[in-house]
Structure formats: structure tokens, C-alpha cells
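The values are calculated or read from the model by the stated rules, or taken from the named source; none is laboratory data. Everything numeric here is computed off the predicted structure, so don't read it as measured data. Backbone-built Cβ (ideal geometry, glycine too); neighbour counts: all protein chains shown.
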Amino acid sequence: MNTQHTSTDPRAQRLAEHEAYWQRFGVHRATRQAELPALSTGWSALDAQLPGSGYPIGAVTELLCQDAGLGELSLLLQALARRMAEQPKRQLAFIAPPATLHAPALAQAGIDCARLPLVRCRDESEKVWCVEQMAHAHAFTGFVVWGDRFDTTALRRLQLAAEKAVCPVFVYRPIRAAAERSPAALRLAITAGRDGQRIEILKCRGPGGARLTGLQPDSETVWRFADTHADLAALRAAADNDIPDPEHGRHVARASFPPLGAR
């Protein structure tokens, strides 16, 4: 009778334990990033540069914009539409969008507006609290949040909510936030170039630092501008994170919830 002996390399075992410890804090080896679940961006050139070939699922992706109206929301629509198609019984939440949304343009991009609640919030803390509460329901396929003044604590809470809901959380912030530290799994800087949208990968789980120029997402027809110049200026300022009155437009995705009450 043959007896097979199995030996364990102590060094390999210690390395595995060490790696498992750091994974609890979101630290992963670059060579294993392809194993992390990801959602295709819908742009092959961008997918090729991202670990896992897409936006991380169960994590925060920051989109840091030089200005509003650069196609930053259109950049997400293909991924969001695919995500909604894969999970037809779940909703996609928009938290404090800075302007009125044009429902026909969203529908044309494959977004089911009947499953798109828009949530109005008074301040940054309420936005974070709102995502946390909805994450408990496990009824959402993703969250898109607009915020000017999220700090590290707020972003970490959003990261924990993304892990709990097992879905991506996309956060739009001004480009100036690129100089700040962030626990987000992926950070993209979006600026305008002569040849189209320019995207720089500031941070990702794995090798990063790539730059892409020339992506041509559709012009921002997802926003409805009654007075183009005035509304675009308000969108770029986005100081109060409010949503214009949807009664002013016929084809507008209306807010599903009033401002939240006291917590």
C-alpha cells in the first residue's frame, strides 16, 4: 500500500495568513485583481486599463470632474444599463443629482426610469445615511451619488455600504478632490481635451496610472436644460445640490422621495 504524505510549506502558509489579514482592509495583491468582481464600463479601451476589466462591484468608484457637462454621466450609462438588465428586479438610485434629468434620453440609453428613484438630500451626511439605509434592503443594483464635500469618513461609510449591498457605488466629486486621500477602490479624473474626453486613472486595485484620451460619450442630453446657459451654470456650481422643480418640464424623471426627515 502506498501512503502519500502531504507537507505544507510554513512560509507559504504564513504568506497566505498575512494576505488574508490585509484583505480585510481592502488591500489586495496586484497579481490577483482579475479575480475581483467587476462591471464592464462599456468602453473596451477603458476596460483594458482597469483591474478586472471594469468598475469594481461592491466598492466605491470616484469620478472627479474638471467641469460639469463633459459627458461624465453618459460615460456610466452603458455600464448602468447592463447592470439593470442583469438584475431586472432591482433598482438603481440617483442620490442628489445636481440638475433635472431628461427621462427620454435615459430611456434611450437603456435605463429603466421606472426603476430609477431620485433622492433629494439636504447635505452630505444625509446622502451617506441614505445610501447606508438603502443598502440594508439589498434591493438596489447600484448607487450614483453627487457630492462636493465628502470627507474620508463619509467615503469609508459609502465603501462599507457598497460591500453590504454587493453593488457599485459611483461618486461624482470636483476635480480638486484629487489632491485629497480617499479609500475609494477606483478614482478616475475626467477632463476635456481636443480629441474628446480625457480620463486618468489616479488609483485602482492593482497597477494604475494610465491615461486615455479620445473617448466620445454622447453629449449630456441626460440633463434637461430649459434655459441652457443659466441651467448649465447652475449645474457647474451645484452649490446647493438641489434638483430644479420637475413641473417645469414635461419629460423629466421626477424625484421619488421628498427630502428626508430627521434621523
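Inspect all residues belonging to segment 112-133 and state whether any of them is over 20 Å from Leu186 (Cβ atoms), in contact (Cβ under 8 Å) with a residue 40 or more places away in the chain, surrounded by fewer than 20 Cβ atoms within 10 Å (Cβ to Cβ) and of a type in the set (A, V, I, L, M).
Within segment 112-133, not a single residue is over 20 Å from Leu186 (Cβ atoms), in contact (Cβ under 8 Å) with a residue 40 or more places away in the chain, surrounded by fewer than 20 Cβ atoms within 10 Å (Cβ to Cβ) and of a type in the set (A, V, I, L, M).
If you check Ala137, Ala99, Ala178, Ala105, which single one turns out to be part of a loop (DSSP other than H, G, I, E, B) and within 26 Å of Ala192 (Cβ to Cβ)?
Exactly one of Ala137, Ala99, Ala178, Ala105 is part of a loop (DSSP other than H, G, I, E, B) and within 26 Å of Ala192 (Cβ to Cβ), namely Ala99.
Looking at segment 148-169, is at least one residue within 20 Å of Leu75 (Cα to Cα), part of a strand (DSSP E or B) and of a type in the set (A, V, I, L, M, F, W, C)?
Within segment 148-169, one or more residues are within 20 Å of Leu75 (Cα to Cα), part of a strand (DSSP E or B) and of a type in the set (A, V, I, L, M, F, W, C).
For Phe170, state whether it is surrounded by 15 or more Cβ atoms within 10 Å (Cβ to Cβ), within 19 Å of Ala96 (Cα to Cα), aromatic (Phe, Trp, Tyr) and without any contact (Cβ under 8 Å) to a residue 60 or more places away in the chain.
No.
Among the residues of segment 72-129, which ones are of a type in the set (Lys, Arg) and closer than 17 Å to Ala162 by Cα? Before you say what the answer is, go through the steps one by one.
Taking segment 72-129 and keeping what is of a type in the set (Lys, Arg), we get 82-83, 89-90, 115, 120, 122, 127.
Within segment 72-129, Arg83, Arg90, Lys127 meet the criteria.
Just checking, which of Gly52, Gly69, Gly42 is within 20 Å of Leu202 (Cβ to Cβ), at pLDDT below 95 and of a type in the set (Gly, Ala, Ser)?
Just one listed residue meets the conditions, Gly52.
Considering segment 181-197 alone, what residues qualify as being at pLDDT 90 or above and either assigned to a helix (DSSP H, G or I) or over 15 Å from the mean Cα position of the chain (by Cα) (or both)?
If the condition is that a residue be at pLDDT 90 or above and either assigned to a helix (DSSP H, G or I) or over 15 Å from the mean Cα position of the chain (by Cα) (or both), then Arg181 is the only one that fits.
Filter segment 134-150 for residues that are under 26 Å from Gln66 (Cβ atoms) and either surrounded by 15 or more Cβ atoms within 10 Å (Cβ to Cβ) or in contact with a strand residue (DSSP E or B) (Cβ under 6 Å, 6 or more places away or on another chain) (or both) and give the result.
Gly142, Phe143, Val144, Val145, Trp146, Gly147, Asp148, Phe150
Which number in (1) over 25 Å from Ala178 (Cβ atoms); (2) buried (at least 19 other Cβ atoms within 10 Å of the Cβ); (3) of a type outside the set (Gly, Ala, Ser); (4) out of contact with any helix residue (DSSP H, G or I) (no Cβ under 8 Å at 6 or more places or on another chain) marks the one condition that Leu75 misses?
(1)
Which numbered condition in (1) more than 15 Å from the chain's Cα centre (by Cα); (2) without any contact (Cβ under 8 Å) to a residue 24 or more places away in the chain is the only one that Pro37 fails?
Looking at each condition in turn, Pro37 falls short on (1).
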